[in-house]
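What follows is a single structure, written as structure tokens, with notes after it.
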Amino acid sequence: MSNVDFLDLARKEHERQEQTLRLIPSENYAPDAVLHLLGSALTNKYSEGYPGKRYYEGQTYIDRIETATIELAKELFEVPYANVQAYSGSPANMAVYGALASPGDTIMGLSLDAGGHLTHGHHASLTGKWFQSVPYGLDPETLHIDYEDLERQAREHRPQIIISGISAYPREVDFERIGRIAREVGAYHVADVSHISGLVARDLHQNPVPHADVITTTTHKMLRGPRGALILSHDEEIAKRINKTVFPGLQGGPHMNNIAGIGYTLQQARTDDFLTYVKQIRANTDALADALHTEGFNLVTGGSDNHLLLLDLRESEVDGARLSEALMKANISTNKNSIPFDDASPAHPNGLRVGTPAVTTLGMTEDDMPEIARLMRDVATHPQDAHRLEQIGEEVKMMTQQFLE
Ligand code: DSN
């Protein structure tokens, strides 16, 4: 194979991101400081172990970085224990299950097609292969989590772990209720707040911290940090088990360049600017929901309590796959997604998932949401018209450009 110019490809991807209306709810723009930390000399260092107990010399600055990041995580989420080494959300969840359960034990999480995550026990994930997975789902009428069914199943199956958390569910999760069910059946309650971490950290969503034994979150979604994860807990014994499962159980050397980026991110997340940012995410999501309604799109549950919306395309001429491809041709990035009780295949589902964290980082407000909805309607009306999609793509570039200046 001939030489590949990876630096050039990275530059082009940077440009592509700047010219795109980025509506994938799990994506964001990390600030320059985080990008610099990721590309710093911290990437050269091995630091197996934890601060003060390493297996390599030369940890003066590394220990300061990791200790400060742990302290910032504890302070932001108001917990006594934090592990900041998991490489990302999936390994973090795996480490927690490994610490709290044994292979073959029963775990319960929101099923993927109801808006849960692969690592909450889906059969394609090791979490569904190593553990006995009993998923819970949604009430077919309200499309909200069916807490009564969750309770009934928990009583019947007596799981070792009940996982709360979402990746494509637009409504508030009642962590308090799930915590109560978990306590009643003797299960650990693990809350995965990856998608809603910023809302939780700044009290714009019910906080799972008082109701869960362990809380996990990625650091690169709403928190706008590098890819990575936090594992937060209340109990010293559980925290010790988690640390041992992360290292040496699952991982080797922590990625200290990432951990420094996470520390920087957590420091930002406690500022007034970040509070303004997450409030704006909520306002933008509601405004986008209204604007999409006005443009004739149907939304699962009619709207959102968080940062994401799920479009129900069953009455539309395009499915989620065709619409997301057409939108991408017009520089609007979204992702196809199943809707609850979808009878279409995951490759061509009846839904589309959109969210506002990235466009809010760009500086967009409620006033910009009708324009986004209008552009999306234009694409949905002309999904096969290459010329029209190109024109819309140019309009999108002009729109994003205004926010980069
Ligand atoms: N892939 C992430 C998402 O898009 O929701 C979750 O891991």
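The values are calculated or read from the model by the stated rules, or taken from the named source; none is laboratory data. Since we're looking at a predicted model, the values are computed, not measured. As a convention, Cβ positions derive from the backbone with ideal geometry for all residues, glycine included, and neighbour counts pool all protein chains shown. Accessible surface is based on the protein model in full, side chains and every heavy atom, while ligands, DNA and RNA are left aside. Shrake-Rupley method; radii C 1.70, N 1.55, O 1.52, S 1.80 Å.
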Response to the item:
So, first residue farther than 19 Å from Leu310 by Cα in segment 134-147, second residue among the basic types (Lys, Arg) and modelled with pLDDT of 95 or more, Cβ within less than 9 Å, six or more apart or across chains; the pairs are Tyr147/Arg177
Worksheet item: When you go through Val173, Val214, Val190, Val209 one by one, which is the residue that is touching a residue at least 60 places away in the same chain (Cβ under 8 Å), of a type in the set (Val, Ile, Thr) and closer than 17 Å to Val278 by Cβ?
Response: Val209
Practice prompt. Among the residues of segment 145-177, write down those that are in contact with a Lys or Arg (Cβ under 6 Å, 6 or more places away or on another chain) and surrounded by fewer than 18 Cβ atoms within 10 Å (Cβ to Cβ).
Written response: Tyr147
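Listed here are the residues, each with its yes/no results for (1) away from the ligand (no atom under 16 Å from the Cβ); (2) open to solvent by 20 Å² or more (accessible area, probe 1.4 Å); (3) at pLDDT 95 or above.
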position: Val193; (1), (2), (3): no, no, yes
position: Ser197; (1), (2), (3): no, no, yes
position: Leu204; (1), (2), (3): yes, yes, yes
position: Pro210; (1), (2), (3): yes, yes, yes
position: Thr218; (1), (2), (3): no, no, yes
position: Ala229; (1), (2), (3): no, no, yes
position: Lys240; (1), (2), (3): yes, yes, yes
position: Pro248; (1), (2), (3): yes, yes, yes
position: Gln251; (1), (2), (3): yes, no, yes
Worksheet entry | Search result, residues across segment 350-405 that are free of Cβ contacts under 8 Å to residues at least 60 places away in the same chain and assigned to a loop (DSSP other than H, G, I, E, B) | Asn350, Gly363, His382, Gln384, Asp385, Glu405
Worksheet entry | Pair list, Cβ < 8 Å and 6+ apart or interchain, from segment 329-341 residues that are farther than 29 Å from Pro135 by Cβ to residues that are among the basic types (Lys, Arg) and surrounded by fewer than 22 Cβ atoms within 10 Å (Cβ to Cβ) | Asn331/Lys397
Worksheet item: Of all the helices (runs of 4 or more DSSP H) wholly in segment 29-127, which have at least 2 residues that are touching a strand residue (DSSP E or B) at 6+ places or on another chain (Cβ under 8 Å), open to solvent by less than 20 Å² (accessible area, probe 1.4 Å) and within 16 Å of the ligand (Cβ to nearest atom)?
Response: 89-100
Response to the item:
Pairing a residue in segment 268-286 that is touching a residue at least 24 places away in the same chain (Cβ under 8 Å) and assigned to a helix (DSSP H, G or I) with any residue that is open to solvent by less than 60 Å² (accessible area, probe 1.4 Å) and among the aromatic types (Phe, Trp, Tyr), where Cβ atoms lie under 8 Å and the two sit 6 or more apart in sequence or on different chains, gives Gln268/Phe274
Discussion item. Val354 - would you say it is at pLDDT 95 or above, within 20 Å of the chain's Cα centre (by Cα) and under 15 Å from Pro170 (Cα atoms)?
Written reply: yes
